[in-house]
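Here is the structure we will look at.
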Amino acid sequence: MTTLRFVPIVLVAVLIGFHASNRAAAKPKAWERLSSCRYVEDKNNDGDSFRIKCEEKDFVLRLYFIDAPETNLRDGERTHQQSEHFGVSLDEAMKAGVKATELARKTMNGSFDVWTKWSSGAGRGKEVRVYGLVEAEGKSLVEILVSSGLARIVGQPVPLPNGEKSTAYKKTRRDGK
């Protein structure tokens with residue numbers, strides 16, 4: 001009988017702990033700026049997802065807000081959707097994917113900064129990707145790819161490091177402003 005008296009107390013303590021951990025998990029993560037980052041060659045790099053190294057951290061970064069064309073038919077359905085979006089053949093879409101990859105590599109040829117919240121960038125690969133933004137020589141890689149016609153605006157709604165709402169940011173980029 002004594003044991004049964006402690007069950008409600010333990011249950012309440014567990015529920016309070018669970019509620020507190022859920023509130024902490026729901027709190028938005030803060031942006032972190034990583035400086036002096038470097039592009040790392042990798043067979044899986046493409047225009048919107050690539051391996052980078054920032055100090056001791058080596059990881060795959062997935063750009064927020066955009067989708068660059070695939071370079072192959074590994075995910076045929078996605079490549080087909082991209083070709084339809086851009087109004088080009090599959091072959092032309094994959095060539096644009098190669099151009100986006102080359103432009104990303106060229107833009108990140110030297111040292112650059114990354115803004116990230118360490119949120120999971122998902123993906124079909126085995127390796128974990130994190131969402132982020134790249135600034136190279138004061139320019140946004142997202143804006144460079146979109147203005148070059150090598151990426152479409154899509155993705156996660158998240159306020160930018162400067163506080164701008166992502167919906168406003170994506171709209172101005174989509175409208176070409």
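Checking residue 133 against (1) open to solvent by 60 Å² or more (accessible area, probe 1.4 Å); (2) in contact with a strand residue (DSSP E or B) (Cβ under 6 Å, 6 or more places away or on another chain); (3) closer than 16 Å to residue 35 by Cα: exactly one of these is not met. Which one?
Single failed check for residue 133: (1).
Taking residue 128 and the conditions (1) touching a Ser or Thr at 6+ places or on another chain (Cβ under 9 Å); (2) open to solvent by less than 40 Å² (accessible area, probe 1.4 Å), which numbered condition does it fall short on, given that it satisfies the others?
(2)
Against the condition of a type in the set (Gly, Ala, Ser), more than 16 Å from the chain's Cα centre (by Cα) and outside any strand (DSSP E or B), how does residue 110 come out, does it pass?
It is true that residue 110 is of a type in the set (Gly, Ala, Ser), more than 16 Å from the chain's Cα centre (by Cα) and outside any strand (DSSP E or B).
Could you check region 92-123 and list, in sequence order, the residues that are closer than 30 Å to residue 163 by Cβ, buried (at least 18 other Cβ atoms within 10 Å of the Cβ) and free of Cβ contacts under 8 Å to residues at least 40 places away in the same chain?
Selection gives 107 alone.
I need the full set of residues from region 47-69 which are open to solvent by 10 Å² or more (accessible area, probe 1.4 Å), acidic (Asp, Glu) and at pLDDT 95 or above, in order please.
Matches in region 47-69: 58 only.
Only one residue in 140, 89 is surrounded by 18 or more Cβ atoms within 10 Å (Cβ to Cβ), more than 19 Å from residue 43 (Cβ to Cβ) and modelled with pLDDT of 95 or more. Which one?
140
Out of all the residues in region 49-85, which are of a type in the set (Gly, Ala, Ser) and in a helix (DSSP H, G or I)?
Those that are of a type in the set (Gly, Ala, Ser) and in a helix (DSSP H, G or I): 76, 83.
Across region 143-163, which residue is nearest to the chain's Cα centre (by Cα) among those that are open to solvent by 60 Å² or more (accessible area, probe 1.4 Å) and modelled with pLDDT under 95?
156
The values are calculated or read from the model by the stated rules, or taken from the named source; none is laboratory data. What you see is a predicted model; the values in this text were computed from it and never measured. Note: ideal-geometry Cβ built from the backbone for every residue, glycine included; neighbour counts use all protein chains shown. With ligands, DNA and RNA removed, areas are computed over all heavy atoms of the protein, side chains included. Shrake-Rupley method; radii C 1.70, N 1.55, O 1.52, S 1.80 Å.
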